[in-house]
Every structure is written in structure tokens, then in C-alpha cells.
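All remarks here apply to the structure that follows.
The values are calculated or read from the model by the stated rules, or taken from the named source; none is laboratory data. Everything numeric in this text was worked out from a predicted model, so none of it was measured. Counting neighbours? That spans all protein chains shown, and the Cβs are built from the backbone with ideal geometry, glycine included. Just the protein is used for accessible areas: all its heavy atoms, side chains included, with ligands, DNA and RNA removed. Shrake-Rupley method; radii C 1.70, N 1.55, O 1.52, S 1.80 Å.
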Amino acid sequence: MARLTIIAEKRQLVTPGDLIAEGNYLTGESTFKEGDKIYATRIGLVDTDGRSVSVVALKGGYIPSVGDLVIGKVIDVSLSGWVVDINAPYAAILHASDAIERPFNPQRDVLTSIYDIGDMILAKVAAYDRTRNPILTTHGPGLGKITRGRIMEIVAAKIPRLIGKRGSMINMLKRETGCHLTIGQNGLILISGRSPEDEDLAVLAIRKIEEEAHTSGLTDRICSMIREENQKRGVSNVSS
């Protein structure tokens, strides 16, 4: 039996020329094969589907996974649901039955009164495979239309660094800025603070994390930066 080995883990960031897999795999998007080795041709995130290996380029940069929390923008309304941009190579579908608690009645329910084009929503990925678009749901606590706060975007591959080990980075950000932060796995972040200045500080810190995600000691440096900025504007201890 031919040996099959995945060198790079799913969602791992790779660059052109990186070895992804060895063995009798099929080449997918943004990959090429030499002998029994498959390499990346673009900067992106590894995705696997059975025997196929591909790379999703970092423009978009997000590969949906069931259970992911995402922030998306409604870009179309159909007779039975909504089309949502979730910052992925594929648009997502939100069926009316996954958004309305009671049975959906197309003669009675006006979908634009629930979510309209341009609305931002917080949702979860309910189903996804490479044969169809991701399916979303807004059933669940806190999910649905976003009505307040500021939304910013970072490279989706940097989300784990923003969260930190056991939530160390994100918990520090919440504590030191006084902002509530909702992290979408698709690289979008909802920031809700007590003032625009608090939200500005959170944005500044998150941008620095994105830029320096590859460096060590980042949590301590970001914490020091936030405290210095707070001192400049006369805020001594936001977390108290």
C-alpha cells in the first residue's frame, strides 16, 4: 500500500514551495506535484478533503469549519434565505429555517425585515464540505444581527495568535481596554467599548498583534503599550 503522509496540518499557513503532503494524494487549488510530493504554489492555508490537498490563498484566507463563530455581511436575499459574505472563497447560505425560531412561511414572513442586504450578522457554521457552500445558523445565544460596536478585519490565520494560549491574549485585551471583543474565526472582530477612545485603543492593539504575531513576548508588550496609552489619556486602570 502506498504511503500517505500529510506534512502540513489543516489550516496551517504555508508559502510557495512548502511541502504539504507525500503519497498518492490529488493536487487541489494552488498546489503542484513532483513525484509523490505535493507543494504549495501560493501563500495560504492548507485544506484537505479526503485524498485531495489544496491551499486557500490568504485573500479571504478563511476555510470554514463546522462550529466556527463567524461575522458576515448579508449580500443577497432569496425567497428562502440569505447569502452571506463570510470572508471566505465561498459565499455562505443562511436558510430562513436556521434564522427563524417558528416554522417559516414564505407568504407571511418578509425576510428583509429580519436581515437585509448590508446587515452584519454573528452566526455559526452549521454545515460545510467542498461540494456545497457553507451553511450558517443564527440560532443560539448572542447570534443574529449586529446592532452596535465596531467591526475590524485581520488576516484569518492570525486569529489563534490574537486569542493566545488558553485565551491569554484576548483576556488581557478585554481586561486592559475595557472592551467586549467577539472574535470571528473568519478574521472579523466585533469591538464594543464604553467609549470610542476605548475602541480605538483595542483596534491599535489588535493591529500590532497582527503585525507582530510571529514574535515572542508579545502579550507583555501589548499590555505595556495599552497601559502607556491609557496613562496618556488619564485612564489609570481600565480593568478595575
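Report the residue count in segment 1-25 for those that are buried (at least 16 other Cβ atoms within 10 Å of the Cβ), modelled with pLDDT under 80 and within 13 Å of D36 (Cα to Cα).
So the answer is 2.
For segment 188-240, name all the residues that are among the acidic types (D, E) and not in a loop (DSSP other than H, G, I, E, B).
E197, D198, E199, D200, E210, E211, D220, E228, E229 - these are the residues of segment 188-240 that are among the acidic types (D, E) and not in a loop (DSSP other than H, G, I, E, B).
Quick one: is A88 under 21 Å from T131 (Cβ atoms), touching a Phe, Trp or Tyr at 6+ places or on another chain (Cβ under 8 Å), open to solvent by less than 70 Å² (accessible area, probe 1.4 Å) and not polar (S, T, N, Q)? Working first, answer last.
Values: under 21 Å from T131 (Cβ atoms): yes; touching a Phe, Trp or Tyr at 6+ places or on another chain (Cβ under 8 Å): yes; open to solvent by less than 70 Å² (accessible area, probe 1.4 Å): yes; not polar (S, T, N, Q): yes.
Yes; evaluated as a whole, the condition is true for this residue.
Do we have any residue at all in segment 98-106 that's small (G, A, S), in a loop (DSSP other than H, G, I, E, B) and in contact with a helix residue (DSSP H, G or I) (Cβ under 7 Å, 6 or more places away or on another chain)? Walk me through how you get there before you give the answer.
Restricting attention to segment 98-106, the residues satisfying the condition of being small (G, A, S) are 99.
Subsequent filtering for residues that are in a loop (DSSP other than H, G, I, E, B) retains 99.
Okay, now just the ones that are also in contact with a helix residue (DSSP H, G or I) (Cβ under 7 Å, 6 or more places away or on another chain), so none.
Among the residues of segment 98-106, not one is small (G, A, S), in a loop (DSSP other than H, G, I, E, B) and in contact with a helix residue (DSSP H, G or I) (Cβ under 7 Å, 6 or more places away or on another chain), which makes the answer no.
Where the second residue is exposed (fewer than 15 other Cβ atoms within 10 Å of the Cβ) and at pLDDT 90 or above and the first is under 14 Å from V14 (Cα atoms) and lies in segment 26-38, which pairs have Cβ atoms under 8 Å and are six or more apart or on separate chains?
I38/L19; I38/F32
Of the conditions (1) farther than 29 Å from E9 by Cβ; (2) touching a residue at least 24 places away in the same chain (Cβ under 8 Å); (3) open to solvent by 40 Å² or more (accessible area, probe 1.4 Å); (4) small (G, A, S), A99 satisfies every one except a single condition; which number is it?
(3)
Restricting to segment 198-240, give me the number of residues that are more than 15 Å from L162 (Cβ to Cβ), surrounded by 15 or more Cβ atoms within 10 Å (Cβ to Cβ), free of Cβ contacts under 8 Å to residues at least 40 places away in the same chain and of a type outside the set (A, V, I, L, M, F, W, C).
So the answer is 2.
Is it the case that some residue within segment 148-157 is farther than 12 Å from V84 by Cβ, aliphatic (A, V, I, L, M), modelled with pLDDT under 95 and in contact with a helix residue (DSSP H, G or I) (Cβ under 6 Å, 6 or more places away or on another chain)? Full working, then the answer.
Here is the first cut: in segment 148-157, the residues farther than 12 Å from V84 by Cβ are 148-157.
From what's left, aliphatic (A, V, I, L, M): 151-152, 154-157.
Keeping just the survivors that are modelled with pLDDT under 95 gives 154-157.
Then keep just the ones that are in contact with a helix residue (DSSP H, G or I) (Cβ under 6 Å, 6 or more places away or on another chain); that gives 154.
Within segment 148-157, one or more residues are farther than 12 Å from V84 by Cβ, aliphatic (A, V, I, L, M), modelled with pLDDT under 95 and in contact with a helix residue (DSSP H, G or I) (Cβ under 6 Å, 6 or more places away or on another chain).
Okay, residues lined up against (1) in a helix (DSSP H, G or I); (2) open to solvent by 70 Å² or more (accessible area, probe 1.4 Å); (3) touching a Leu at 6+ places or on another chain (Cβ under 6 Å); (4) under 15 Å from A205 (Cα atoms):
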position	(1), (2), (3), (4)
N133	no, no, no, no
L136	no, no, yes, no
A157	yes, no, yes, no
N171	yes, yes, no, yes
N186	no, no, no, no
